[in-house]
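The values are calculated or read from the model by the stated rules, or taken from the named source; none is laboratory data. These figures come from a predicted structure and were not determined experimentally. Positions of Cβ are backbone-derived with ideal geometry, glycine not excepted, and every protein chain shown enters the neighbour counts. Accessible surface areas use protein heavy atoms only, side chains included; no ligands, DNA or RNA. Shrake-Rupley method; radii C 1.70, N 1.55, O 1.52, S 1.80 Å.
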Amino acid sequence: MLTTGSTAPAPIERDLEKAIGSQIRSQRRRHDLSIADLASAASISTGMLSKIENGGISPSLATLQSISTALQVPLSSLFAAFEERQDCSHVPAGQGLTIERRGTKVGHVYQLLGHMLRGDVAMEPYLITLREGAAPYTSFHHQGVEFIHMLKGELTYRHGTETYLMRAGDSLLFDSSALHGPEAVESRETEYLSIIVYPRPAT
């Protein structure tokens, strides 16, 4: 049963266990201890410690406390790697980062509304304002998909060989590898939300 209206897959299981296991392994190596050494000091079996380090089991708090005591580190430090991975970006109203985006034309204002530093998928949410007299630009193209949602005004938006008259409340979701962009601004000032999603390049 879905717990939300989204059909996105559930988070990968054992993310927390893997993060804790990785942190324990890192701390163990920092102390120049073998698995057998740490297991003995924490009064657990080497097999259990190996499974914990590989993220294969969910250790009890008592077991984690024993391990942290043996490593002489705070229990909370074993959760640090997991907590650091929880990325969040908060942008107060009106404080989006104004940027020059590739292909920017006269009368186009782009405000980046957030930025995620980690993950396999990158997302760029923009608040785009097209002012009166804004120049058309239909040559954007890039990896991924793009979603736009009209907030104010009216414009004609081109995607490939098709055009769409967009008014406040209208949305468009498309493959952004095709040429696209605003072809004509039909009102004094137009605002729309643009969200671009694409695979993050490997580093």
| said: Suppose the filter is modelled with pLDDT of 85 or more and open to solvent by 80 Å² or more (accessible area, probe 1.4 Å); does Arg14 pass it? | reply: no
| field | Residue check, Leu71 open to solvent by less than 30 Å² (accessible area, probe 1.4 Å), more than 30 Å from Val197 (Cβ to Cβ) and either at pLDDT 75 or above or not β-branched (Val, Ile, Thr) (or both) | value | yes
| request: Would you mind finding the one in Glu84, Glu53 that is among the acidic types (Asp, Glu) and modelled with pLDDT of 85 or more? | output: Glu53
| query | Within the range 166-177, can you find the residues that are open to solvent by less than 30 Å² (accessible area, probe 1.4 Å) and either among the small types (Gly, Ala, Ser) or not in a strand (DSSP E or B) (or both)? | reply | Ser176
| message | Here's a check for you: in the range 156-200, which residue that is touching a residue at least 60 places away in the same chain (Cβ under 8 Å) and of a type in the set (S, T, N, Q) is farthest from Phe140 (Cα to Cα)? | response | Thr190
| note | Of those in the range 182-203 that are part of a loop (DSSP other than H, G, I, E, B) and open to solvent by less than 80 Å² (accessible area, probe 1.4 Å), the residue modelled with the lowest pLDDT is Arg200
| remark: Across the range 87-102, the tally of residues that are more than 19 Å from Leu193 (Cβ to Cβ) and either buried (at least 17 other Cβ atoms within 10 Å of the Cβ) or at pLDDT 70 or above (or both) stands at 0
| note | Within the range 130-163, the count of residues that are over 29 Å from the mean Cα position of the chain (by Cα) and either more than 24 Å from Tyr198 (Cα to Cα) or assigned to a strand (DSSP E or B) (or both) comes to 12
